[in-house]
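Notes follow once the structure below has been shown.
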Amino acid sequence: MGLCMTNPLYRKDIVSISDLSKTDLELIVKLASIFKKQGPGPYLQQKVIASCFFEASTRTRLSFETAVQRLGGSLIGFSDGANTSTKKGETLTDSIHMISSYADAIIMRHPREGAARLAAEVADVPVINGGDGANQHPSQTLLDLFTIFECQGTLDNLSIAFVGDLKYGRTVHSLAQAMCHFNPTFYFVAPDVLKMPGYIEDGLVAQGVTFEYVSSLEEVVEKVDVLYMTRVQKERFDPTEYMHIASRYVLTADMLSSAKPDMKVLHPLPRVDEIHPDVDRTRHAYYFTQAENGVYAREALMSLVMNEVIEELEYA
Amino acid sequence: MRETMAVEAIENGTVIDHIPAGQGLNILSRIQVRNSQARVTVGLNLRSGGNGTKDIIKVEGWLFSEFDAAEMALYAPNATVNIIEDYQVRKKFPIGLPAEFTGIFDCPNSNCISHTEPVATRFYVREQVRPIQLTCHFCERSFTDSLFTRNG
């Protein structure tokens with residue numbers, strides 16, 4: 001970073017991971033690492049941040065709100081849509097118009113896809129998407145990137161296996177898209193009915209990313225730097241089918257004997273039974289650190305969006 | 001080699017020719033959305049070349065711009081637009097796909113925010129894939145063109 005350079009995220013809306021360049025992603029990851037080591041600076045002092053959760057999401061909301069408070073900002077907002085004027089029939093457009101005149105930035109989650117994009121077009125202040133229906137959840141991807149960087153020391157040239165529900169999991173879609181900037185090799189481990197959607201595969205092919213489907217977890221454990229587990233939802237299968245599938249997509253400690261020493265297991269949480277608790281005690285378990293990292297990644301993101309210059313980055 | 005005209009000639013207006021048979025009514029409905037007073041003559045299942053059939057639409061008093069024609073492109077990608085002045089064809093151009101469609105189609109994703117807010121829908125055309133896909137500006141989903149044209 002050059003001296004007095006305006007950071008490219010200043011006053012930017014963070015709606016979709018595809019809005020962020022490689023430089024943007026690297027800046028966020030770098031600042032998150034600094035904040036984790038030495039604590040965040042007072043980058044939101046005198047700022048009022050609206051935390052608008054039109055749909056409840058405890059983990060995302062609490063980690064965003066923790067980040068804002070640790071940066072010295074204050075919060076207004078609501079934790080679900082039940083008691084807002086949305087219930088009275090107010091459009092999101094009108095709600096955002098109003099909130100944007102009160103706050104310096106808006107963090108929002110909404111049950112409908114595209115809500116954050118719409119809000120960003122209506123609001124005069126930056127809008128940070130905390131999840132819009134099944135579409136995007138960019139801050140989850142940022143904390144995943146930071147966690148991968150932290151545990152591997154780099155984002156470049158890594159081998160990553162994505163395991164479980166790759167069809168409906170927006171987390172894996174966004175992370176795969178973001179990692180494309182860093183020359184990855186992907187392994188996909190999923191039942192046929194839960195494969196990566198065609199449009200994601202098309203995007204990987206277009207960017208020259210190498211990926212391969214493998215039929216069992218054991219096949220990839222020794223090859224990868226990161227094993228990204230996701231939950232296969234029981235309700236998508238009949239009980240017998242689920243038993244069969246579970247046996248192939250559940251990670252246990254004894255399966256990790258052939259793993260590289262620094263291989264780490266990630267999971268966006270909550271987990272159900274796809275990671276056996278005995279994995280928690282291995283050197284490979286990293287999902288609780290990943291959850292903790294959500295605060296640092298969000299601190300970094302909010303600081304960059306709300307400040308033209310970040311001192312730590314200038315002298316880092 | 002003059003053939004009998006199945007539809008009467010117009011003095012000034014637009015003739016959309018070589019519409020795939022079956023798509024004429026979809027295009028007609030788009031024209032009516034744009035201008036419910038437009039004076040329109042429609043020919044369905046007319047002979048076209050060898051054994052093929054086509055639909056044809058004549059719109060009196062409205063000279064289509066390429067922009068006007070673009071929104072018909074999903075229904076009739078190979079149609080041609082003839083601009084008629086004083087009974088003569090003054091200009092002829094193929095319908096071309098625009099880079100984006102604004103305010104024309106509803107988003108096929110029923111959970112897209114565009115259904116509940118007072119906004120114009122927007123779709124980006126992805127021509128590099130076959131079949132052609134439209135990506136919603138709001139919900140970011142991509143849909144094949146048949147989802148838009150199936151029910152007119």
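The values are calculated or read from the model by the stated rules, or taken from the named source; none is laboratory data. All of these numbers come straight from a predicted model, not from anything done at the bench. In this analysis, Cβ positions are derived from the backbone assuming ideal geometry, glycine residues included, and neighbour counts consider all displayed protein chains. Side chains included, ligands, DNA and RNA excluded: accessible areas come from the protein's heavy atoms. Shrake-Rupley method; radii C 1.70, N 1.55, O 1.52, S 1.80 Å.
What residue, of A:Tyr228, A:Tyr213, A:Tyr187, A:Tyr199, is without any contact (Cβ under 8 Å) to a residue 40 or more places away in the chain and crowded, with 20+ Cβ neighbours inside 10 Å?
One residue alone meets the criteria, A:Tyr187.
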### Message
Which numbered condition in (1) in the same structural domain as B:Phe143 (by TED's automatic domain parsing); (2) out of contact with any Gly (no Cβ under 7 Å at 6 or more places or on another chain) is the only one that B:Cys112 fails?
### Response
(2)
### Query
Among the listed residues B:Phe123, B:Phe93, B:Phe101, B:Phe138, which satisfies the condition of being in contact (Cβ under 8 Å) with a residue 12 or more places away in the chain, in a strand (DSSP E or B) and within 14 Å of chain A (Cβ to nearest Cβ)?
B:Phe123
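Can you work out which of the residues in the range A:168-184 that are within 14 Å of another protein chain (Cβ to nearest Cβ) and polar (S, T, N, Q) is least open to solvent (accessible area, probe 1.4 Å)?
A:Ser174
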### Query
For the range B:66-91, what are the residues that are over 23 Å from B:Thr102 (Cβ atoms) and of a type in the set (A, V, I, L, M)?
B:Ile83, B:Ile84, B:Val89
### Task
Search the range A:73-131 for residues being in a loop (DSSP other than H, G, I, E, B) and charged (D, E, K, R), and hand back the single one that is nearest to the other protein chains (Cβ to nearest Cβ).
A:Arg112
## Note on the structure
Of (1) in the same structural domain as A:Asn129 (by the TED database); (2) part of a loop (DSSP other than H, G, I, E, B); (3) surrounded by fewer than 18 Cβ atoms within 10 Å (Cβ to Cβ), A:Pro40 satisfies every one except (3)
### Query
Do we find that A:Glu65 is more than 14 Å from chain B (Cβ to nearest Cβ), in a helix (DSSP H, G or I), open to solvent by 20 Å² or more (accessible area, probe 1.4 Å) and free of Cβ contacts under 8 Å to residues at least 40 places away in the same chain in this structure?
yes
### Message
If the requirement is being open to solvent by 50 Å² or more (accessible area, probe 1.4 Å), touching a residue at least 60 places away in the same chain (Cβ under 8 Å), farther than 16 Å from B:Leu97 by Cβ and outside the structural domain of B:Ile132 (by TED's automatic domain parsing), which of these qualifies: B:Leu25, B:Leu63?
### Response
B:Leu25
### Task
Those residues that are in contact with a Phe, Trp or Tyr (Cβ under 6 Å, 6 or more places away or on another chain) and surrounded by 16 or more Cβ atoms within 10 Å (Cβ to Cβ), I need them from the range B:80-107; list them, please.
B:Val81, B:Phe101, B:Phe105
### Message
So, A:Ala32, is that one farther than 20 Å from A:Glu292 by Cβ, outside any loop (DSSP other than H, G, I, E, B) and open to solvent by less than 50 Å² (accessible area, probe 1.4 Å) or not?
### Response
no
### Query
Of all helices (runs of 4 or more DSSP H) completely enclosed by the range A:231-316, which ones contain at least 2 residues that are touching a Phe, Trp or Tyr at 6+ places or on another chain (Cβ under 9 Å) and either surrounded by fewer than 16 Cβ atoms within 10 Å (Cβ to Cβ) or not polar (S, T, N, Q) (or both)?
A:239-249, A:287-306
## Note on the structure
Selection from the range B:111-120 of residues in a loop (DSSP other than H, G, I, E, B) and either at the interface with chain A (Cβ under 10 Å from one of its Cβ atoms) or surrounded by 20 or more Cβ atoms within 10 Å (Cβ to Cβ) (or both) yields B:Asn111, B:Thr116, B:Glu117, B:Pro118, B:Val119
## Note on the structure
Apart from one, (1) outside any loop (DSSP other than H, G, I, E, B); (2) without any contact (Cβ under 8 Å) to a residue 24 or more places away in the chain all hold for A:Ala50; the odd one out is (2)
